[in-house]
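Written out below as structure tokens is the structure these notes cover.
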Amino acid sequence: MTAKTAYERAAPAGRHAARWSEDYARVRRAIAFISGHWRDQPDLDEIAADVGLSPAHFQRLFSRWAGISPKEFVQAITLDHARGLLLGSASILDTALEVGLSGPGRLHDLFVDHEAMTPGDYKRRGAGLEIAWGTHPSPFGSALIMATARGVAGLAFADGAHEEPAILEDMTRRWPAARYSHAPERTAPYAARIFTPELWRESDPLKIMLIGTDFEVRVWDALLRLPLGQAVTYSDLAAHLCSARAARAVGSAVGRNPVSFVVPCHRVLRKDGGLGGYHWGVTRKQAIIGWEAGRLAARG
């Protein structure tokens, strides 16, 4: 009998093989309820009743998924908490940009080493590029991962198998001239590396390949320097890159981020502290913010 990989341990086999997906489906409904009632600070009984589970069962399920209790999660995703994250956001970004995090070492807690396509490669719309893809369970629904010989080139999310064809079409449309192959055995190690915090090591950086315009890559590069649990506004990000008046252009670049979660576009919020949009759904954005809060809480 061979030893299980970290990813296999994270997504158990047998009748529990889809536990991550099942948990997220239930948690997603709970987060939708929380997002509509956060001002009332709903308690455990109210949320559990909406999901159709007993309070004790829901507490166990949610805490296993998020790493924090439902009550702590409510606090983590309220707009008041979002505003708190934004306090001093400029100094956070200034610090990240000035302390040498632009090198191939620790860009953020996932420890990412990244490179970008040349402008010529980008203009050729992926011609000559071979991209493997596969779908894998994740804490945030099905994750469609795309990889090249130089690392992860795409990460998207779907809420079930019925959405996966549309998600694949959305991602492949970005680089229509590339050659694609369904090879989940090649993308599975990346899924393990991305969604298993125990594998986030500076000594083994995740390789990613950014495919976009020069301006988009600059925006994504800045996002890679945001620490776990910190946020920045669109206007602050624009001010650091060029001009605060470019907030709309920065917002468009954030929305076109092809490597979701790894390039943490979910950490960009509106100036008033609101969550703003998210290509893969605001509910999922809330889920990721809360999940990250759980990781921080686990560190004490």
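Every read-out reported here was derived from the displayed coordinates using simple, explicitly stated rules and does not represent laboratory data. Small disclaimer: the values here were computed from a predicted structure and weren't measured. Here the Cβ is made from the backbone with ideal geometry for all residues, glycine too, and neighbour counts use every protein chain on show.
Helix check for the chain. Which DSSP H runs span at least 20 Å along their own axis by Cα, with a mean Kyte-Doolittle hydropathy no less than -1.0? Can you show the working numbers first?
Working: long enough: 19-37 (27 Å, -0.58); 282-298 (24 Å, 0.11).
Once both thresholds are applied, what remains is 19-37, 282-298.
Percent relative contact order of the chain, based on C-alpha pairs within less than 8 angstrom and at least six residues apart?
23 percent
Tell me, 214, 159 in order of fewest to most beta-carbon neighbours within 10 Å?
Fewest-to-most ranking of 214, 159: 214, 159.
Straight-line reach from residue 71: which aspartates and glutamates have Cα under 17 Å away, leaving out those fewer than 8 places along the same chain?
Residue 71 reaches 40, 43, 45, 46, 50, 80, 292.
So I have (i) 19; (ii) 35; (iii) 15, and one of them is percent of Cα pairs over 34 Å apart calculated from this model. Which one is it?
Read-out from the structure maps to (i).
Rounded if a/c is under 1.5, else prolate if a/b beats b/c, else oblate: with a ≥ b ≥ c from the C-alpha gyration tensor eigenvalues square-rooted, which is the range 225-300? Walk me through the numbers before you get to the answer.
Values: a/c = 1.98, a/b = 1.60, b/c = 1.23.
It comes out prolate by the Cα gyration axes.
Enumerate the calculated ³J(HN,Hα) couplings along the range 123-128 in order (Karplus 6.51 cos²θ - 1.76 cosθ + 1.60, θ = phi - 60°), each rounded to whole Hz, writing x wherever the residue is Gly or Pro.
5, 7, 6, x, 4, x
Could the peptides 27-39, 61-73, 137-149 be put in order, highest first, of the mean number of other beta-carbon atoms found within 10 Å of their residues?
On the way: 27-39: 18.4, 61-73: 20.1, 137-149: 22.3.
For the peptides 27-39, 61-73, 137-149, the packing ranking is 137-149, 61-73, 27-39.
Calculate, in nm to one decimal, what residue 130 and residue 248 gain on full extension: separation in residues at 0.36 nm each, minus their alpha carbon distance.
Details: separation 118, 0.36 × 118 = 42.48 nm, distance 3.25 nm.
Full extension of this stretch gives 39.2 nm more.
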